[in-house]
Amino acid sequence: MSWPRASTRSTAPPPSSLLGLVAREFMAQAAEVSFAGYRDSPDRFVLECFQWEEGEGPTIYQLDVLRRLPRERRLALRGPHSLGKTALAAWIVVWFALTREAMGVDWKAATTASVWRQLSLYLWPEIHKWTRRLKWDMIGRPPFREKQELLDLSLSLEHGEAFAVASDRADSIEGAHASHLLYVFDEAKAIPPATWDAAEGALASGDCYALAISTPGEPQGRFYEIHQRKPGYDDWSTRHVTLAECIAAGRVSPEWAEQRARQWGESSAVYQNRALGEFASSDEDGVIPLAWVEAANERWRALEGAGEWGDFTCVGVDVGRGGDATVLALRHGEAIRELRPYAVADTMAVTGHVAGILQAHGGEAVVDVIGVGAGVVDRLKEQGKAVRAFNASEHTDAKDRSGELGFVNKRSAAWWRLRELLDPANGHEIALPPDDLLTGDLTAPHWRDMSAGKIAVEGKEEIRKRLGRSTDSGDAVVQAFWEEAAPSYPPFRIARITRSAIMPGEDPRRAEERRKRREKIRRKVRERRAKRVTIGGREYIFR
Ligand SMILES: Nc1ncnc2c1ncn2[C@@H]1O[C@H](COP(=O)(O)OP(=O)(O)O)[C@@H](O)[C@H]1O
Ligand SMILES: [Mg+2]
């Protein structure tokens, strides 16, 4: 044990007598001896070295992970949202840093996550939160010195450091050499394979540990393969924390789970991922995959963090029918900054809300004109407001991005437009608020390819029958992005649709699957059409 004595003394009052000096020295030594026992017992460390309020403490599954990590060394944990994964990771970083520091050995703890914000807004603040609850007398050293030892995104002690590293910096992960190593992968589902590989080499020997934690996503990527126990990753052990465990531990309320089952549908990918902690693919027939919505949520969080909202452009208005809510989607530039739900569907009240927004911000309203909405459009026009009527069942000449597929009605065209704006292959930067209802709405509708080369997106009534609710927030957002003419996409040749852009952190095989799906659509187009077509003065050759 090698705590610098000088600094221990610096925080305690000087002993007033020889007896005091001896007693203090004795206590410091006792703390050191007992603290050494935590080296392989993160569970005891967490129970005994943090201050816990009455009735508080780690949950059974958190303790289970803490017990297993020293033995199993590589542990991947998946489970529902808010089960306490990031807290667990923070405890492990603090345990590792303090025990290895106390051993006087050379150590490093690299923390990474699929998005930087996860480190800067969640994991590192969580590390700070728990270091404030450390019982320093148990540890036998003075508290971390803020700004010198403990910084926003790092902890630098005499023998080693813990730090944050971006998940696309495999080189920094690989370069983390020390005989005692800890890797933490938070929100691990989208960490690129190269980063995992970089850590793998270092984990082969020594006092090395890896903890990967995440709510699951699509069944793809390294985090998924580890949970699948794919050959080659058998050094990892896995733990699935179930919804029942989270409810029993009081970390998730049964009401939350019930409400989400109703809102999302128990078979939806979003319920499987976030409530059950299971991998699930977005519905093959779904218009918008969950992963695209999550990427748009990340962009929203980044805008919110930076406070950089563009100018207000329009408000999409889905007027409630038959007891549904009315939802207003306020769009700034390429982002829906805010959703405003109202329990009313009365012409005057809705007109009042929309007019108020247009009065304050300018811009225009895109109002669903069926039913009560017709009155809203009329009243807004009377007041001289900029308003566009959106009639979902109306005919449209709009085409999809390829210029080849049409739509059975305007609703289908508008939902497809949003799909294309969210598709990472198209390079748009649409941002959407992380709102559970909106996520459920956007991932709910199915689509079919009708025989006449037209795409049909499931109707509002069909969805209501299937899900028992209507997709009001989704429709308001779809309308906010609806423009009669296709947005000014960069000109492209048909061959370019097949190029598979890889999303950050995406498995190349997944991109390949996407490419194949596109290819299928193209094939359908090809079956019906000539080899060469001219669109907008450019000739496209189908190969
Ligand atoms: N066992 C626990 N006791 C007290 N607070 C906890 C415990 N586990 C987690 N928390 C707190 O609950 C909140 C959510 O936990 P977090 O770890 O962020 O969940 P997740 O990462 O699974 O979404 C955080 O504020 C965290 O500090
Ligand atoms: Mg977390």
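The values are calculated or read from the model by the stated rules, or taken from the named source; none is laboratory data. It should be emphasised that the depicted structure is a prediction, and the values quoted were computed from it without experimental measurement. Note that we place each Cβ from the backbone using ideal geometry, even for glycine, and neighbour counts take in every protein chain shown.
Close Cβ contacts (under 7 Å, 6 or more residues apart or on different chains) running from residues in the stretch 324-350 that are assigned by TED's automatic domain parsing to the domain that holds Lys465 to residues that are acidic (Asp, Glu) and in a strand (DSSP E or B) comprise Thr326/Asp318; Val327/Asp318; Leu330/Glu338. Which of the residues belonging to the stretch 62-95 are among the hydroxyl-bearing types (Ser, Thr, Tyr) and touching a strand residue (DSSP E or B) at 6+ places or on another chain (Cβ under 7 Å)? Scanning the stretch 62-95 gives a single hit, Thr86. Given the structure, is Ala392 assigned to a loop (DSSP other than H, G, I, E, B), in contact (Cβ under 8 Å) with a residue 40 or more places away in the chain and within 17 Å of Met450 (Cα to Cα)? It is false that Ala392 is assigned to a loop (DSSP other than H, G, I, E, B), in contact (Cβ under 8 Å) with a residue 40 or more places away in the chain and within 17 Å of Met450 (Cα to Cα). Selection within the stretch 91-113: residues that are polar (S, T, N, Q) and in contact with a Leu (Cβ under 8 Å, 6 or more places away or on another chain). The member of this set that is nearest to Ala162 (Cα to Cα) is Thr111.
With respect to the conditions (1) at pLDDT below 85; (2) buried (at least 22 other Cβ atoms within 10 Å of the Cβ); (3) not basic (Lys, Arg), Ala6 falls short on a single one, namely (2).
Looking at the stretch 52-92 only, could you name the residues that are of a type in the set (A, V, I, L, M), more than 13 Å from ligand 2 (Cβ to nearest atom) and touching a Phe, Trp or Tyr at 6+ places or on another chain (Cβ under 9 Å)? Leu66, Leu69, Leu75, Ala76, Ile92 - these are the residues of the stretch 52-92 that are of a type in the set (A, V, I, L, M), more than 13 Å from ligand 2 (Cβ to nearest atom) and touching a Phe, Trp or Tyr at 6+ places or on another chain (Cβ under 9 Å). The residues of the stretch 262-279 that are modelled with pLDDT of 90 or more and not aromatic (Phe, Trp, Tyr), listed by number, are Gln272, Asn273, Arg274, Ala275, Leu276, Gly277, Glu278. Number of residues in the stretch 198-211 that are within 16 Å of ligand 1 (Cβ to nearest atom) and either part of a helix (DSSP H, G or I) or out of contact with any Phe, Trp or Tyr (no Cβ under 9 Å at 6 or more places or on another chain) (or both): the value is 0. Restricting Arg117, Arg133 to those that are touching a residue at least 60 places away in the same chain (Cβ under 8 Å), over 24 Å from Asp207 (Cα atoms), among the basic types (Lys, Arg) and within 16 Å of ligand 2 (Cβ to nearest atom) reduces the list to Arg117.
Look at (1) over 17 Å from Ala188 (Cα atoms); (2) touching a residue at least 40 places away in the same chain (Cβ under 8 Å); (3) not assigned by TED's automatic domain parsing to the domain that holds Val367 and you find that Leu303 fails only one, number (3). Of the residues making up the stretch 181-193, just one is away from ligand 2 (no atom under 16 Å from the Cβ) and out of contact with any helix residue (DSSP H, G or I) (no Cβ under 7 Å at 6 or more places or on another chain), namely Pro192. Please indicate, with yes or no, whether at least one residue in the stretch 428-446 is closer than 26 Å to Ala291 by Cβ, in contact with a helix residue (DSSP H, G or I) (Cβ under 7 Å, 6 or more places away or on another chain), charged (D, E, K, R) and assigned to a helix (DSSP H, G or I). Within the stretch 428-446 (the criterion being closer than 26 Å to Ala291 by Cβ, in contact with a helix residue (DSSP H, G or I) (Cβ under 7 Å, 6 or more places away or on another chain), charged (D, E, K, R) and assigned to a helix (DSSP H, G or I)), the answer is yes, since at least one residue qualifies.
Under the condition of being of a type in the set (Phe, Trp, Tyr) and more than 13 Å from ligand 1 (Cβ to nearest atom), which residue from the stretch 72-130 is modelled with the lowest pLDDT? This residue is Trp116.
When you check Ala431 against the structure, is it of a type outside the set (Lys, Arg) and in contact with a Ser or Thr (Cβ under 9 Å, 6 or more places away or on another chain), yes or no? So Ala431 does not fit the description; no. Looking at the stretch 408-418, which of its residues are surrounded by fewer than 23 Cβ atoms within 10 Å (Cβ to Cβ) and charged (D, E, K, R)? Result: Lys410, Arg417. Identify the residue in the stretch 181-208 that is surrounded by 21 or more Cβ atoms within 10 Å (Cβ to Cβ) and under 19 Å from Asp40 (Cα atoms) and, among all such residues, is farthest from the chain's Cα centre (by Cα). For the stretch 181-208, the residue satisfying everything is Leu181.
Of all the listed residues (His227, His177, His159), the sole one being in the same structural domain as Val93 (by TED's automatic domain parsing), out of contact with any Cys (no Cβ under 6 Å at 6 or more places or on another chain) and within 30 Å of Leu243 (Cβ to Cβ) is His227.
Check whether at least one residue in the stretch 194-201 is in contact with a strand residue (DSSP E or B) (Cβ under 6 Å, 6 or more places away or on another chain) and either within 16 Å of ligand 2 (Cβ to nearest atom) or more than 15 Å from Ser82 (Cα to Cα) (or both), and report yes or no. Yes, the stretch 194-201 contains at least one residue that is in contact with a strand residue (DSSP E or B) (Cβ under 6 Å, 6 or more places away or on another chain) and either within 16 Å of ligand 2 (Cβ to nearest atom) or more than 15 Å from Ser82 (Cα to Cα) (or both).
Within the stretch 447-457, the residues that satisfy the criterion of being part of a strand (DSSP E or B) and without any contact (Cβ under 8 Å) to a residue 60 or more places away in the chain are Met450, Lys454, Ile455, Ala456. Within the stretch 413-428, identify whether any single residue is farther than 23 Å from Trp264 by Cα and touching a Lys or Arg at 6+ places or on another chain (Cβ under 8 Å), and answer yes or no. Yes; the residues of the stretch 413-428 include at least one that is farther than 23 Å from Trp264 by Cα and touching a Lys or Arg at 6+ places or on another chain (Cβ under 8 Å). Taking Pro125, is it more than 16 Å from ligand 2 (Cβ to nearest atom) and either exposed (fewer than 15 other Cβ atoms within 10 Å of the Cβ) or within 25 Å of Lys189 (Cα to Cα) (or both)? Taking the combined requirement at face value, the residue does not satisfy it.
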